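First up is the structure itself, then whatever we jot down about it.
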Amino acid sequence: MSQFFFNRRSLLKTLATGAALPLAARYGALAAHAAENRFAGRTVNLLIIQPHVVTGNKIAEDFEKLTGAKVKVTAVPYDQVSVKATLDFQSGANEFDVIDYFYTYKGQLAEDGVIDDVTDLIERDKAEIKPEDFIKSIYDQYTLHDGRRYGLPYDGDSHVLFYNKELFDRHGLKPATTWDEYTENARVITEAEKKNGIYGAAVLGAKIPVIILSTYANRLTGFGGNFLKADGSSALDSEEAVAALESLLKSAPYALPTPLETRFEEGLPAFLGGKAAQIDFWTDLGGYAQDPKGSQIVDKWGVTRIPVGGKNRTPRLAFNAGFGFAITAGSKNKDIGWELIKFATSQAYHEELLALTGSGIDPDRYSGLASEKYKAFQPLVQPLLDGGALENSLAWPTAAYAPKLENALTDELALALAGTKSAEQAIRDAHAAWSEIIDANA
Amino acid sequence: MPMRERHAFSSPRDAGEGFILKETTMALGYAADALTTPEFDADGFRRLGRFLLRPLWLAPVACALIVTTLYPFVFLVALSLSKSSLGKPFRAFAGLKNYALALGDGEFIASLLRTVAYALLSSAIQVAAGLALALLLFTLLKGGRFLLSLFLLPLMTPPVMVGVAWKLILAPAGGLLNGTLLRLGLVDEPVSFLGSAALAWASIALADLWQWTPFVAILCFAALSSLPEGVDDAARLDGAGPFERFWYITLPLIAAPLAAIFLIKLIFAFKLFDLTYILTYGGPGFATTTTGFSIFRLSMQQFEVARAAAETLIFAALIGLVTLPVVRLHRALERREA
Amino acid sequence: MSAISLSGLAKSYRDVPVVKGVDLDIAEGEFVVLVGPSGCGKSTLLKMIAGLEELSAGDIRIAGRSVVDLAPAERELAMVFQSYALYPHMTVAGNIGFALRIAGLPRAEIDRRVRAAAATVKLEGLLDRYPRALSGGQRQRVAIARALARQPKVLLFDEPLSNLDAALRQETRVEIARLHKALKATILYVTHDQVEAMTLADRIVLMNNGRIEQAGTPLDLYERPATLFVARFLGTPAINLFGAARMGLPGAATVGIRPEHLLLEDATHPGGLAARVEFVEELGDVRLIHLLTEADEKIVAKQPAGSPWQAGQSVRVSWRTEHLHRFDLAGQRLDDAPEQRPEKAA
Amino acid sequence: MRRRFDHRLPLAAIALAFFALPILYLASLSFKTKDDVLSGAFLPGTVTLANWAQAFEAAPLSTFTVNSVTVALLSGLLTVLITVPAAYAVLRLRYGWQRLSDVTLSSFMAPPIVAIIPLFYLLKGAGLLNTVAGLVLVYGMVNVPVAYWLITPFLRRVPVELEQAAELDGAGPLRRLVSIVLPLIAPGLAATGLIVTILAYNEFLFASVFTFGNETRTLPVGISLFQGDRLVNFGQMAAASLTGIVPVYLVALFLQRFLVQGLAHGGIK
């Protein structure tokens, strides 16, 4: 889920040049089929989130060249994919063959029978897929449910902390390594620069799961906390869970006003416009901040790991959002669908998408992460992710009832941020709600 | 000759409940007449034909009501009594469990109260504002009529865009309103309009008012236009000032249409969704979570369609309950006029 | 055979009876005026005949055929409405020809008949106008022409003159009378105006409270009112009424005498009732003398122009017995020739 | 008599400003560059035309607009065709159930969100999912209560005598409706039609669920996709919205005489 609304015209140009290259040569394994045009005359429908629409269109174009199959791409807002896919399957409409799913919905989609178990297909085609190349934690979190696999990772998403070097230098600040430093940095800048409309941080706190939960997850992982215990019960009864929220609340007064109203569309322009000094965000912001078309901070920004807090001294990431591709259970084109998925998530294609400005695809393969292309494209970000940083990341719940957990926690976090509840109270209530949901569905 | 009721212009009270039985008897009567008359009875057959065509007049509406109301209603009832998720509907019979869950949920009850309070208040304000606007335009006559078409613009703006436009106006960092207030020195730091409960409601109400008042105003304008001529002049001659004329003459005369407008606006207000979705997403906290919004979250995000169905039915019943006095009032006012 | 024959006609709204059993025969070519106070059921009766109101009981025959189950248009009658009911979006010609178009007549025939009907009521030259561009009188004539164009067996009029001013009303009344003579049409005409009834009718049917009080020629009704109600309804100024006992006429409850039959004498004159002139209405051709009797009864006498009575004068009032109308307690007329009966209780 | 200052004029000006400003702001937004959007200023710092060009490139706006206009007009027509005969039959011909107006009104009350699911199945069953025709049918039926509620007072105002005269003239029920009643309520009909058309034009929830692809999407759904991007380009979104507003507004201006007069004529009672 890391693709910005980008200048589509320049993007189309990029795509046009890309398409001119001999495709078969670049995607080795698939080359064997290229000449066959074996799916000519058939159509496969791909349901994709709106932020992935550019890569979706690219896949369509490239896949048709390779196999002759027409790919119909339907983009919907990211929070509608599951509803669409479920209704589509339930009603028997079976309009979509392949869906681009948010990984936390994997359990629900699998339990409801909306997406197919592809364990055996992976086993059959493992030479081609190279599953061992998927970053282990991402591979499991995104696709594994009850011991079976339901798709392949497409876009591995995690956050890092970006900061405005110019503002930091002006006030003699160092990039934060702890959340306390982060708040302190924010305070210094806000107090000095507020009159100019500049704030020390953009805290994305809008009451939408993917927004406020990401923000909280970054703190939770920094404090060494977890969402769930190993046995699947709620881990929100930990000190870390409370400390993470307290840290979030402490930074709010120095954030771009006001965290409760800050979504992507408020926070991003503020950071790119030099009006917010820090923002914890998806890694691909790096490519974006260097684009003079949308950025006023080219070469004036830096990036660092998600800070730590409390007793924890080991930096750790959080999987905030992230998407996989799956075949729908009702599809009548499963053969093409599977080929499409293999193609889109293949080593070579992933590597190409990673280095494509505005594609918004983040690494989910070791090969991609380590590739020269990606290093060149994201010179500041790549080192932060390299060396196993992604391995122990904090993942969100993915059980069938995960959406309920997300909503419950979102509510409590928003109440705390609104000042209605203390951090302790909110986390206690969230823990209670989670325990109830987990018990009811266990 | 047996007497049978004929359809033409009978009193409104003649056709009431039990009409199915009556209609059937009539049809049989017509058929019997046409068939038992010794000579060929052309009139009889024509009447029978016309009678048999009668259902065609109502069939489309009946069909529409079945499709958009009866069928979804039955579906909702079934859903609400079952253990269901969006992905796996009707898994098991659940009795009244979903209702119990809904009614036991303080947050749901709170959302009902909020929604009712907001619907009543905002509709009252909008009818008042719409009436004021209509009066203004009405007294401006020709120019007013031209202006009226300008006021249609908000009604035509896609609701998503209405929400976005207001969000940009109200944004704390760089919003139009805050920018203006800061520039004028009226505030020292940006006001978080959507960040506190009271201001968030006020903001939603403002955007809602902007979007719907023109609709109300147009209907009020129509009501004003249907006032009998000369009454206002008579009152003027009687020495009534503008306020007295409005209060004692105009208002009582348009009371019935006003109640109708209030009713229709009330129903729209109960369905408030777009604006909360875009402006506040139900926040801060639950402050602006309307029932419609919470049902949306429950069904489309958490996939708990069974409980959402129960909540929808409870909500619909509540809407019926709240609007009933208004329906009664409207009917009483209408009867007074007739 | 009668043009229209009504038997046992009744109509109730819910449980409220409006027409309570009406029997009436109308001969072909007859001009019958249904008259009565407002709310007496006369308009309802007319609409029942037209087929615009359902019947609760009874039968209607037009030219011998029962029409109860026929649609209005199948009853071969036409109606002129009080409000004219002109179609505002059609021209005069369109209004007049509407029924003919529906009946599917050829254009030329429609045109001919529209022109003929328009000519009958002198509407030529207005055929292309819309109703809103017409005066009240002209609209009235369009309404009549529309009825005529269908060449109905029966013409129904529902208070057709009530929306016209006095002069126009008089003029149109004459016009309708002339039309009736020329067309020899059967006409059923509803009004609450007794002058229209008296001047137009071959026969007046006076209704009260859903029933026919009396039917007969105008003079019949005026000279021999069958009930107290009829006596009071017809005649301007209204008939003078006295308690019969006080008049020394036992056997009757009420006695009436029309203003033109009261004889006035000097106060010195013997006999009669003593009364005082309250005031005098001067109508030019006649004078209406308003009197107050000793018993405080208000009565009116109609006297020729030039009669000498002045306000404040004391007079004596008398009459000839054959001009007395006697009614019993129920308001029913008692037999004529009162002189043959008074002995009974005197 | 001394000419007094008309106190209504400033009031009208304020009202006009309140209702026009957000639209003008949208217009201004459509000429703003991305980083100028949240500048707190009304007018663009630098004027750019790029949003307009890019809005059309980024999304098939003309398809969306054509879909919306088609759906709105056809469904508006359908609503009127369903509603008017029924309202006329019930109110004037006294056919059937006199409670119909209450029933239609109450059917309008429940929030539509969960009803989407059964309707989804129904459309699927009818093969109308993801089609313009499906949306036309759904809107055409869903807006019936509003139309019924709006058209009733107009029907009531047609003098009964006119219809009686027509009945005597031999016009059957359908003929009376078409030749007498419809011309008389034409303004009210236009007004009602316009309002249900606008409602259909703006509908979002059903459209977002019942359509999947750009070829069937309506404008509100299309515009909402701009919001689906993480870095929303408000300038493009505004340009896209204005593209959508203009055609309806022109139609409305064209029909404005009908609308105002029509509503003035019949009035809601």
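The values are calculated or read from the model by the stated rules, or taken from the named source; none is laboratory data. Only a predicted model underlies this, so the values are computations on that prediction, with no experimental measurement involved. Reconstructed Cβ throughout: ideal geometry from the backbone, glycine too, with neighbour counts over all protein chains shown. To get the accessible areas, we keep the full protein, side chains included, count just its heavy atoms, and leave off ligands, DNA and RNA. Shrake-Rupley method; radii C 1.70, N 1.55, O 1.52, S 1.80 Å.
Could you say which residue among B:PHE262, B:PHE270 is in the same structural domain as B:ILE169 (by TED's automatic domain parsing) and open to solvent by 10 Å² or more (accessible area, probe 1.4 Å)? Write out each step before concluding.
Working: B:PHE270 fails: open to solvent by 10 Å² or more (accessible area, probe 1.4 Å).
Result: B:PHE262 is the single residue among B:PHE262, B:PHE270 that is in the same structural domain as B:ILE169 (by TED's automatic domain parsing) and open to solvent by 10 Å² or more (accessible area, probe 1.4 Å).
Select the strands (runs of 3 or more DSSP E) contained entirely in segment C:211-286, then report the ones holding at least 2 residues which are within 23 Å of C:SER314 (Cα to Cα).
The qualifying strands (runs of 3 or more DSSP E) are C:240-243, C:254-257, C:263-266, C:273-282.
Checking the conditions here, which among D:VAL181, D:VAL132 is among the hydrophobic types (A, V, I, L, M, F, W, C) and open to solvent by less than 10 Å² (accessible area, probe 1.4 Å)?
Result: D:VAL181 is the single residue among D:VAL181, D:VAL132 that is among the hydrophobic types (A, V, I, L, M, F, W, C) and open to solvent by less than 10 Å² (accessible area, probe 1.4 Å).
Please pick out the residue among D:LEU21, D:LEU43 that is more than 8 Å from chain B (Cβ to nearest Cβ) and part of a loop (DSSP other than H, G, I, E, B).
After applying the criteria, what remains is D:LEU43.
Any chance segment C:36-44 includes a residue that's in the same structural domain as C:LEU155 (by the TED database), open to solvent by less than 10 Å² (accessible area, probe 1.4 Å), in a loop (DSSP other than H, G, I, E, B) and in contact with a Phe, Trp or Tyr (Cβ under 6 Å, 6 or more places away or on another chain)?
Checked segment C:36-44: no residue is in the same structural domain as C:LEU155 (by the TED database), open to solvent by less than 10 Å² (accessible area, probe 1.4 Å), in a loop (DSSP other than H, G, I, E, B) and in contact with a Phe, Trp or Tyr (Cβ under 6 Å, 6 or more places away or on another chain).
Restricting attention to segment D:17-55, which residues are within 20 Å of B:GLN211 (Cβ to Cβ), touching a helix residue (DSSP H, G or I) at 6+ places or on another chain (Cβ under 6 Å) and open to solvent by 50 Å² or more (accessible area, probe 1.4 Å)?
Selection gives nothing.
Of the residues that make up segment A:339-361, is at least one free of Cβ contacts under 8 Å to residues at least 24 places away in the same chain, farther than 26 Å from A:ASP291 by Cα and either crowded, with 23+ Cβ neighbours inside 10 Å or out of contact with any Gly (no Cβ under 7 Å at 6 or more places or on another chain) (or both)?
There is no residue in segment A:339-361 that is free of Cβ contacts under 8 Å to residues at least 24 places away in the same chain, farther than 26 Å from A:ASP291 by Cα and either crowded, with 23+ Cβ neighbours inside 10 Å or out of contact with any Gly (no Cβ under 7 Å at 6 or more places or on another chain) (or both).
Please report, ordered by residue number, the helices (runs of 4 or more DSSP H) entirely within segment A:121-231 with at least 1 residues that are farther than 25 Å from A:LEU390 by Cα.
Values: elements: A:126-129, A:136-143, A:165-170, A:179-193, A:214-222.
So the answer is A:165-170, A:179-193.
Which of the residues belonging to segment D:210-224 are within 8 Å of another protein chain (Cβ to nearest Cβ) and under 21 Å from the mean Cα position of the chain (by Cα)?
Selection gives D:LEU219, D:PRO220, D:ILE223, D:SER224.
Which of (1) out of contact with any His (no Cβ under 6 Å at 6 or more places or on another chain); (2) farther than 30 Å from A:ASP79 by Cα does A:VAL188 not meet, given it meets every other one?
(1)
All but one of (1) part of a helix (DSSP H, G or I); (2) of a type outside the set (Asp, Glu); (3) touching a Ser or Thr at 6+ places or on another chain (Cβ under 8 Å); (4) open to solvent by less than 10 Å² (accessible area, probe 1.4 Å) hold for B:GLN211; state the number of the condition that does not hold.
Here B:GLN211 meets the rest and fails (4).
If you take the residues in segment A:75-100 that are in contact with a Gly (Cβ under 6 Å, 6 or more places away or on another chain) and either farther than 13 Å from D:LYS124 by Cβ or part of a helix (DSSP H, G or I) (or both), which one is most open to solvent (accessible area, probe 1.4 Å)?
Applying the first criterion (in contact with a Gly (Cβ under 6 Å, 6 or more places away or on another chain)) to segment A:75-100 yields A:77, A:86, A:89, A:94, A:97-98.
With the extra rule that they be either farther than 13 Å from D:LYS124 by Cβ or part of a helix (DSSP H, G or I) (or both), the set shrinks to A:77, A:86, A:89, A:97-98.
Details: A:PRO77: 21, A:THR86: 1, A:PHE89: 59, A:ASP97: 6, A:VAL98: 0 Å².
Going through the qualifying residues, I end up with A:PHE89.
Out of segment A:101-121, which residues are more than 22 Å from the chain's Cα centre (by Cα) and open to solvent by 10 Å² or more (accessible area, probe 1.4 Å)?
Those that are more than 22 Å from the chain's Cα centre (by Cα) and open to solvent by 10 Å² or more (accessible area, probe 1.4 Å): A:GLU111, A:ASP112, A:GLY113, A:ASP116, A:ASP117, A:THR119, A:ASP120, A:LEU121.
For segment D:69-103, which positions are within 9 Å of another protein chain (Cβ to nearest Cβ), in contact (Cβ under 8 Å) with a residue 12 or more places away in the chain, open to solvent by less than 10 Å² (accessible area, probe 1.4 Å) and not β-branched (Val, Ile, Thr)?
The answer is D:ALA86, D:ALA87, D:TYR88, D:ALA89, D:LEU93.
Is it the case that C:ILE49 is part of a helix (DSSP H, G or I), under 23 Å from C:ILE212 (Cβ atoms) and of a type outside the set (S, T, N, Q)?
Answer is yes for this residue.
So which residues in segment D:1-16 are touching a helix residue (DSSP H, G or I) at 6+ places or on another chain (Cβ under 9 Å) and open to solvent by 30 Å² or more (accessible area, probe 1.4 Å), if there are any at all? So that I can check it myself, show each step before the final result.
Going through segment D:1-16, the residues touching a helix residue (DSSP H, G or I) at 6+ places or on another chain (Cβ under 9 Å) turn out to be D:8, D:11-12, D:15-16.
Correct list: D:ARG8, D:LEU11, D:LEU16.
Out of the residues in segment D:109-157 that are assigned to a loop (DSSP other than H, G, I, E, B) and more than 7 Å from chain B (Cβ to nearest Cβ), which is nearest to the chain's Cα centre (by Cα)?
Quick first cut of segment D:109-157, residues assigned to a loop (DSSP other than H, G, I, E, B) only: D:109-115, D:127-131, D:143.
This time we only want the ones that are more than 7 Å from chain B (Cβ to nearest Cβ), so: D:112, D:127-131, D:143.
Numbers: D:PRO112: 17, D:GLY127: 26, D:LEU128: 22, D:LEU129: 22, D:ASN130: 21, D:THR131: 19, D:ASN143: 10 Å.
The residue in question is D:ASN143.
I need the helices (runs of 4 or more DSSP H) fully contained in segment C:130-207, keeping only those with at least 1 residues that are open to solvent by 10 Å² or more (accessible area, probe 1.4 Å), in contact (Cβ under 8 Å) with a residue 24 or more places away in the chain and touching a Gly at 6+ places or on another chain (Cβ under 8 Å).
Where helices (runs of 4 or more DSSP H) fall fully within segment C:130-207 and carry at least 1 residues being open to solvent by 10 Å² or more (accessible area, probe 1.4 Å), in contact (Cβ under 8 Å) with a residue 24 or more places away in the chain and touching a Gly at 6+ places or on another chain (Cβ under 8 Å), they are C:166-183, C:194-200.
Being away from chain C (no Cβ under 14 Å), within 27 Å of B:GLU334 (Cα to Cα) and assigned to a helix (DSSP H, G or I) is true for just one of D:ALA191, D:ALA207. Which residue is that?
It is D:ALA191.
Check segment B:74-87 and report whether any residue there is open to solvent by less than 50 Å² (accessible area, probe 1.4 Å), small (Gly, Ala, Ser) and assigned to a helix (DSSP H, G or I).
Checked segment B:74-87: at least one residue is open to solvent by less than 50 Å² (accessible area, probe 1.4 Å), small (Gly, Ala, Ser) and assigned to a helix (DSSP H, G or I).
With respect to B:LEU141, determine if the residue is buried (at least 22 other Cβ atoms within 10 Å of the Cβ), modelled with pLDDT under 85 and more than 7 Å from chain D (Cβ to nearest Cβ).
Values: buried (at least 22 other Cβ atoms within 10 Å of the Cβ): no; modelled with pLDDT under 85: yes; more than 7 Å from chain D (Cβ to nearest Cβ): yes.
No; evaluated as a whole, the condition is false for this residue.
Go over the candidates B:ALA100, B:ALA110 one by one and state the one that is exposed (fewer than 15 other Cβ atoms within 10 Å of the Cβ), more than 20 Å from the chain's Cα centre (by Cα) and hydrophobic (A, V, I, L, M, F, W, C). Working first, answer last.
Working: B:ALA110 fails: exposed (fewer than 15 other Cβ atoms within 10 Å of the Cβ).
So the residue among B:ALA100, B:ALA110 that is exposed (fewer than 15 other Cβ atoms within 10 Å of the Cβ), more than 20 Å from the chain's Cα centre (by Cα) and hydrophobic (A, V, I, L, M, F, W, C) is B:ALA100.
Quick check on my filter: what residues within segment C:54-68 are of a type outside the set (Lys, Arg), open to solvent by 30 Å² or more (accessible area, probe 1.4 Å) and within 27 Å of C:ILE176 (Cα to Cα)?
C:ALA63, C:GLY64
Looking at segment C:69-113, which of its residues are aliphatic (A, V, I, L, M), part of a helix (DSSP H, G or I), within 13 Å of chain D (Cβ to nearest Cβ) and crowded, with 20+ Cβ neighbours inside 10 Å?
Across segment C:69-113, the qualifying residues are C:ALA73, C:ILE96, C:ALA99, C:LEU100, C:ILE110.
Conditions tested, residue by residue: (1) of a type outside the set (D, E, K, R); (2) modelled with pLDDT of 90 or more; (3) surrounded by fewer than 20 Cβ atoms within 10 Å (Cβ to Cβ); (4) farther than 30 Å from A:THR86 by Cα.
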site: B:THR250; (1), (2), (3), (4): yes, no, no, yes
site: B:PHE286; (1), (2), (3), (4): yes, no, no, no
site: B:ARG307; (1), (2), (3), (4): no, yes, no, no
site: B:PHE315; (1), (2), (3), (4): yes, yes, no, no
site: B:GLU337; (1), (2), (3), (4): no, no, yes, yes
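Suppose we keep only residues that are part of a helix (DSSP H, G or I) and touching a residue at least 12 places away in the same chain (Cβ under 8 Å) within segment B:174-193. Which one would you say is nearest to the other protein chains (Cβ to nearest Cβ)? Break it down stepwise before answering.
Start the filter on segment B:174-193 by keeping residues that are part of a helix (DSSP H, G or I), which leaves B:176-183.
Pick out the ones that are also touching a residue at least 12 places away in the same chain (Cβ under 8 Å) and you get B:177-178.
On the way: B:LEU177: 9, B:ASN178: 6 Å.
Checking each candidate, the answer is B:ASN178.
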